[in-house]
Structures are given as structure tokens and as C-alpha cells.
Amino acid sequence: MQDPIEQLKLEHQNILRGLELLSLTGKLYEEGAMPEDEINQLLKFFRLYADDGHHAKEEAILFPRLEIKNPSIANDNSPISVLVKHHFEGRKLVANISKLNNQYTLHVKNYNDLLSRHITIEDELFPQLADENFDANELDEIASEFNKVDEIRNLNELLKILEVVELNIK
């Protein structure tokens, strides 16, 4: 079974790919173009893949298991609490991006900056937390739960959004 932390890191690469495309729409917007269909598809990707799928795995599966193993992880100043706050902040930024107003490029930049920083933190933190808190059987259980989310949310199908947007705007 795939290591669940490696699975999250792979999903981070897909999210970064989406961010690159979203940034490209910001540049097109500044040049006077409004690729509205592609923007809406990217927003769908971020809502369904990044938030409903990826962040749900973290918030509903990984973080609660970490909190059981290490209750100090649940305090308000812990790295996990900061990451959850990033998730909420990202949701607000996606809502702002969807307004497609004159602040569009600013919201895109802020979202890109937030998620890029967020992903860097997670990619550095999660392997260490997994090593310190989980044995191989527990990691297999987490991976199994992640796979269920993938099936329910159809995450692999959502990656096709990126392929279509890439063809349309690059």
C-alpha cells in the first residue's frame, strides 16, 4: 500500500500544478483576457480536489490520529492548528477569486503564496510527525482511509481538469 504521507506529497504536486495554471489566468486577466471557463474549472479543482479531497484527508483522518497519539498537537499554537487555519484562509481566498472582480490577480497571488508556503510546511513536517507517531500498521490504516476518500471524491478524475485547462490556456 502507498505511504499516505507520500500520497499527500504527490497531491501537493498536483495542487502546485493547479496554482501555476491559476497564476497564468491572473497574467491573462492583467492582459485584458478573461478565461472565465478555465478559471471556473480551476476553482472546481481547488474546491473538490484540494479542499474536499486532500484537505479532508488531513482534517478528518491524519490530524485526529495525530492528536490521539500526541495531544499537544491540538493546542492553538501547534503546527497542525496553523495548517487548519491555512485551510480556512484558503477557502476564503477561493471565494474571493470566484468573484472575478478587479481584485482577481491580488486574490490569485495571495492564494498562490498561501498554498505554496503551506505545502512547504506540510512536506517538511508530515514525514517527521508520521515517523514519530505511527507504526507501519497505522500508516497502512491511514492509507486505506485515504484510498476510500479518493474513491468517494473521484480525485483521479478531477486531475483531468488540469489537463483540459492546460490545453486551453498554454
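The values are calculated or read from the model by the stated rules, or taken from the named source; none is laboratory data. Keep in mind the model is a prediction, meaning the values are calculated, not measured. Neighbour counts are summed over all protein chains in view; Cβ atoms, including those assigned to glycine, are modelled from backbone coordinates with ideal geometry. Heavy atoms of the whole protein, side chains included, go into the accessibility calculation; ligands, DNA and RNA do not. Shrake-Rupley method; radii C 1.70, N 1.55, O 1.52, S 1.80 Å.
Counting only residues at least eight positions apart within a chain, or on another chain, the aspartates and glutamates with an alpha carbon under 18 Å from that of Lys99 are Glu30, Glu36, Asp37, Glu38, Glu89.
Remark: for residue pairs Lys27/Lys148; Lys44/Lys69; Lys9/Lys69; Lys44/Lys85, the C-alpha separation exceeds 29 Å in Lys27/Lys148; Lys44/Lys69. What is the sum of charges, Lys and Arg at +1 and Asp and Glu at -1, for the other residues whose Cβ falls under 13 Å from the Cβ of Leu159? So the surrounding residues net to -1.
With a 1.4 Å probe and every protein chain kept in, tell me what percent of the accessible surface of the chain is carbon plus sulfur. Summing carbon and sulfur atoms, their accessible area is 49 percent of the total for the chain. Here each label is just a point 7 Å from Cα along the line to Cβ, and for Glu36 and Asp135 those points are 5.8 nm apart.
Calculated on the alpha-carbon coordinates, the convex hull of segment 22-99 measures out at 86 cubic angstrom per residue.
Seen from Asn75, the other residues with C-beta closer than 15 Å to its C-beta sum to a net charge of 0, counting Lys and Arg as +1 and Asp and Glu as -1. In the chain, the alpha-carbon atoms span a convex hull of 102 Å³ per residue. Each Cα pair under 8 Å and six or more residues apart adds its sequence gap; the mean of these over the residue count of the chain is a relative contact order of 42 percent. Only helical runs count toward this figure. For the chain, summing -39,500 (n - 2.57) over DSSP H runs of n ≥ 4 and dividing by all residues gives -25000 deg cm²/dmol at 222 nm. Two tests apply to each whole DSSP H helix in the chain, Cα reach of 30 Å or more along its axis and mean Kyte-Doolittle hydropathy of at least -0.5, and the ones passing both are 4-30. Phi angles across segment 57-62 convert, under the Karplus curve 6.51 cos²θ - 1.76 cosθ + 1.60 with θ = phi - 60°, into 3J(HN,Hα) values of 4, 5, 6, 9, 10, 5 Hz, Gly and Pro given as x.
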